[in-house]
Each structure stands twice: as C-alpha cells, then as structure tokens.
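Note sheet for the following structure.
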Amino acid sequence: MQRKDRKFATPLAFALLIATVALQGCALFVSHYDAGAYQNFTNLKAYHVKFLEDNKSGEGKLFDEAKTKTACDTGELKFREASEYANGKQDTTRVKAIDYLHNAFNKECELLTLKSKKLFGSEYVVQETEQIKQNYDWAIAGECARVGTPTK
Amino acid sequence: MATIDDVVDSLKGDAVKLIKDQLKDLLTSAKSDADSIIKETGQKITDWLALRAQGKLSDDELEALIYSRDQLLRQYKNTLEIQARARVEKIAVGLINLVLDKILGLPLGK
C-alpha cells in the first residue's frame, strides 16, 4: 500500500508544479486570443492601405495639405484607440504589435506633411503597400497564434 | 530585380570604398541567409537602392521604406515570440488537463 502511494505522488507533484507556473501568470505565457484586438488589426489594415492609395501621385492628382493632415489625424486617432485597447489587455506583445504599425504610419505622415509636402511617388507606394500588408499580416498571425483562437 | 554589383557600382563620389565593401558583404550574406525574411530584406534593400539610383525613389522615400522594413522585422520577431509562448502554454495546459482529468486516479505501477 505504501509503495503505491509513493508512485502516485510523482505525476501529481509534476502536475502541481506546472499548474503553479501557469496560474502565477508567469511571463512565459501570453494573453489569450482577443476578438476586439483582431478586429482592430483588420480595420487599421484597411484604413492604412487606403491611405497609401489615396496619397499616391497620378495624373490630375494634386497634393492637398489640409486633406492629408485630416487623413493623418484620423489615422492617429484610430491607432491611439487600438493602443489604449491593447494597453487595457496588459500584454506587451500586443501593445508592441500596434506600435510597429503605428510607427510606420507616423513615418508616412511625416514624409507627406513635413518633409516632401507632395504626394507619394508611385514606386514608393507599390513598395510600401507590400511591406505594410506584410506587417499587418504578421500582427494578425500573432493574434491568431494565441490560445483560444476560434477554429474555422 | 537588381544585382548587388549594380547597386554598389551606382554609388558615386563620396561613397568610400570601405562603405561599398561593407554594403556588398552585408547584402551578400543577407541574400544567402537560410531565413526567408532575412533573404527577402537583402533583396528588397538591393532593389530600393537600384530604384533610388534610377531616380524612381527619393532619399526621403528610401529612408521611409527602410524604417518601415525595420518595423516589419520587429513585428516578425514579436510574432515569433507570441507563437513560441502560446505553444508552451498549449503544451503545459494540455499536460495539466491530461494528468488531472485522465491520469490521476488510475492505478500506477508495473
């Protein structure tokens, strides 16, 4: 009888050890899938790609500083809202994911409204759109890798 | 698709030999790296430098593209971290559930 109890204790101790690590909220783990965060990434992606298209130079298109500034301000508000949402979830990996997209958007606005003060060149828009889409796709892949992602 | 030699040769004037050699070495090692994102970064930067030499990109646009690439690489690293940590959690929670729900209570021994 004594022999059986001793053997039984080994997997129990192992399970409790893992449970302790898991329940302590150890940084080893990330927060679970969040539908709101997923929605923020997809909404921002659509806005960001359209922003690049709208500000691409082309025949008959003129740079309108006031219109561009409004588009940048609208984007800034959307990023701030997504950032606040991510901050509320208290997971730095999600906050960083928003920051890397926000930083790229800010750089584009800086180029338009502070540096060149003209529409983006068409080659720039082709190259940047490809990168931006890839950046969002990585962020979305990160959200979908979390525990609790709904299965399709 | 631009070649590294074309890009390095397009650098004129004050670009000293040392910078050209460093650029060539880094682009060559990036483009031959096993990791596809590093390889792709090497090819992208080669292409952008060629576009700049052809006057299709301004210096400001080139700088913005490189900055955007930097943010993309950080995103990639962040996603790998999420994937690795989520995988650990899935395995650990799976083990806990298996032990607690299925194995505890079973007779153990030879």
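The values are calculated or read from the model by the stated rules, or taken from the named source; none is laboratory data. Only a predicted model underlies this, so the values are computations on that prediction, with no experimental measurement involved. A quick note on method: Cβ atoms are made from the backbone with ideal geometry, for glycine too, and the neighbour counts reach across all protein chains shown.
Name the residue that is farthest from A:LYS50 (Cα to Cα), counting only residues in segment A:104-119 that are at the interface with chain B (Cβ under 7 Å from one of its Cβ atoms) and crowded, with 17+ Cβ neighbours inside 10 Å. Taking the candidates together, the pick is A:SER116. When segment A:132-147 is filtered for residues that are surrounded by fewer than 18 Cβ atoms within 10 Å (Cβ to Cβ) and facing chain B (nearest Cβ under 7 Å), the ones remaining, listed by number, are A:GLN134, A:ALA141, A:VAL147. Residues in segment B:50-75 that are assigned to a helix (DSSP H, G or I), facing another protein chain (nearest Cβ under 7 Å) and surrounded by fewer than 19 Cβ atoms within 10 Å (Cβ to Cβ): B:ASP60, B:TYR67, B:ARG74. The single condition among (1) in a helix (DSSP H, G or I); (2) surrounded by 18 or more Cβ atoms within 10 Å (Cβ to Cβ); (3) among the polar types (S, T, N, Q) that A:SER31 does not satisfy is (1).
Taken over segment A:21-59, the criterion of being more than 10 Å from chain B (Cβ to nearest Cβ) and modelled with pLDDT under 60 is satisfied by A:GLN24, A:GLY25. In the set (1) more than 26 Å from B:GLN83 (Cβ to Cβ); (2) at the interface with chain B (Cβ under 9 Å from one of its Cβ atoms); (3) among the charged types (D, E, K, R), A:LYS96 fails one condition alone, (1).
Of the residues that sit in segment A:121-131 and are more than 7 Å from every other protein chain (Cβ to nearest Cβ) and in contact (Cβ under 8 Å) with a residue 40 or more places away in the chain, which one is surrounded by the most Cβ atoms within 10 Å (Cβ to Cβ)? Top of the filtered list is A:VAL125. The conditions of being out of contact with any helix residue (DSSP H, G or I) (no Cβ under 7 Å at 6 or more places or on another chain) and more than 13 Å from chain B (Cβ to nearest Cβ) are met by A:LYS67.
In segment B:11-23, is there at least one residue being within 10 Å of chain A (Cβ to nearest Cβ) and either crowded, with 18+ Cβ neighbours inside 10 Å or farther than 22 Å from A:ALA141 by Cβ (or both)?
The answer is no; no qualifying residue exists.
Considering B:ILE37, B:ILE82, B:ILE91, B:ILE4, the condition of being within 10 Å of chain A (Cβ to nearest Cβ) and either over 17 Å from the mean Cα position of the chain (by Cα) or loosely packed, with under 13 Cβ neighbours inside 10 Å (or both) is satisfied by B:ILE91 alone. On the given criteria, is B:TYR67 aromatic (Phe, Trp, Tyr) and within 25 Å of A:VAL147 (Cβ to Cβ)? No: the conditions fail for B:TYR67.
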